[in-house]
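> Sharing a structure with you now.
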Amino acid sequence: MKKQQVLVSVTGWTKEDEGQPDTVRLLTTGTFSGSQENWRIDYTETQPDNDAHDVILTLGGGTVTMQRLGSFATSMVFEQGRRFEGSYQTPYGALDMGVYATQVKYKMDGEAAGEVNLTYQLDLQGQFAAMHELRIRFCPAGSQA
């Protein structure tokens, strides 16, 4: 499978019970591989504390899987209207995690360009943590994401 360098723009919104949403933005480079039906995006997410995590997104058949590697590791499966249970690994131990996806959309806008939109509820240790929205845009390196 041929890999192509891409520019990746990630915007995330987190809304806890009554508060204002927190917004996080990341612009980085990564790799894209795959076809219109099944594809994969790999990129590195850098945190404000300079901690870096490799992220692997795989998409196909209406499902998005996100693997996050590093000191805060997890694997999440997003399928609209379905709940996924897993764990969130931290340097202090593992937490039980639940993800319920209310929106899972993705599309290709040409070769190695497209967008992923996810809306989901996150539960930690069986308790509601927050609602999340995640928008990931990607395009060939050298163009605008």
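> Would you check which residues across segment 60-73 are modelled with pLDDT of 95 or more and over 11 Å from the mean Cα position of the chain (by Cα) and list them?
The answer is Thr63, and nothing else.
> With (1) surrounded by 13 or more Cβ atoms within 10 Å (Cβ to Cβ); (2) in contact with a Pro (Cβ under 7 Å, 6 or more places away or on another chain) as the list, and Ile56 as the residue in question, which single condition is left unmet?
Answer for Ile56: the failing condition is (2).
> Something else about it: Any idea how many residues of segment 1-26 are farther than 13 Å from His132 by Cα, in contact with a Ser or Thr (Cβ under 6 Å, 6 or more places away or on another chain) and at pLDDT below 95?
Residues meeting the conditions: 3.
> Is segment 58-68 home to any residue that is under 26 Å from Glu18 (Cβ atoms) and hydrophobic (A, V, I, L, M, F, W, C)?
Scanning segment 58-68, I find no residue that is under 26 Å from Glu18 (Cβ atoms) and hydrophobic (A, V, I, L, M, F, W, C), so the answer is no.
> Among the residues of segment 34-53, are any within 18 Å of His132 (Cα to Cα), surrounded by 15 or more Cβ atoms within 10 Å (Cβ to Cβ) and in contact with a His (Cβ under 8 Å, 6 or more places away or on another chain)?
Checked segment 34-53: at least one residue is within 18 Å of His132 (Cα to Cα), surrounded by 15 or more Cβ atoms within 10 Å (Cβ to Cβ) and in contact with a His (Cβ under 8 Å, 6 or more places away or on another chain).
> Sticking with this one: Mind checking whether some residue in segment 97-114 is closer than 30 Å to Gln20 by Cβ, of a type in the set (D, E, K, R), modelled with pLDDT of 95 or more and out of contact with any helix residue (DSSP H, G or I) (no Cβ under 7 Å at 6 or more places or on another chain)?
Yes, segment 97-114 contains at least one residue that is closer than 30 Å to Gln20 by Cβ, of a type in the set (D, E, K, R), modelled with pLDDT of 95 or more and out of contact with any helix residue (DSSP H, G or I) (no Cβ under 7 Å at 6 or more places or on another chain).
> Of the conditions (1) touching an Asp or Glu at 6+ places or on another chain (Cβ under 9 Å); (2) farther than 17 Å from His132 by Cβ; (3) aromatic (Phe, Trp, Tyr), Tyr92 satisfies every one except a single condition; which number is it?
With respect to (1) touching an Asp or Glu at 6+ places or on another chain (Cβ under 9 Å); (2) farther than 17 Å from His132 by Cβ; (3) aromatic (Phe, Trp, Tyr), Tyr92 is out only on (1).
> Within segment 19-69, take every residue that is free of Cβ contacts under 8 Å to residues at least 12 places away in the same chain and small (Gly, Ala, Ser) and give me the one that is farthest from Met108 (Cα to Cα).
If we take residues in segment 19-69 being free of Cβ contacts under 8 Å to residues at least 12 places away in the same chain and small (Gly, Ala, Ser), then Gly19 is farthest from Met108 (Cα to Cα).
> Still on this structure, I have one more. Taking only segment 65-121 into account, find how many residues are of a type in the set (Phe, Trp, Tyr), surrounded by fewer than 18 Cβ atoms within 10 Å (Cβ to Cβ) and out of contact with any Phe, Trp or Tyr (no Cβ under 8 Å at 6 or more places or on another chain).
Total meeting the criteria: 1.
> Would you say Gln125 is on the phi > 0 side of the Ramachandran plot and polar (S, T, N, Q)?
yes
The values are calculated or read from the model by the stated rules, or taken from the named source; none is laboratory data. None of these values were measured; they are calculated from a predicted model. Methodologically, a virtual Cβ is constructed for each residue, glycine included, from the backbone with ideal geometry; neighbour enumeration extends over all protein chains shown.
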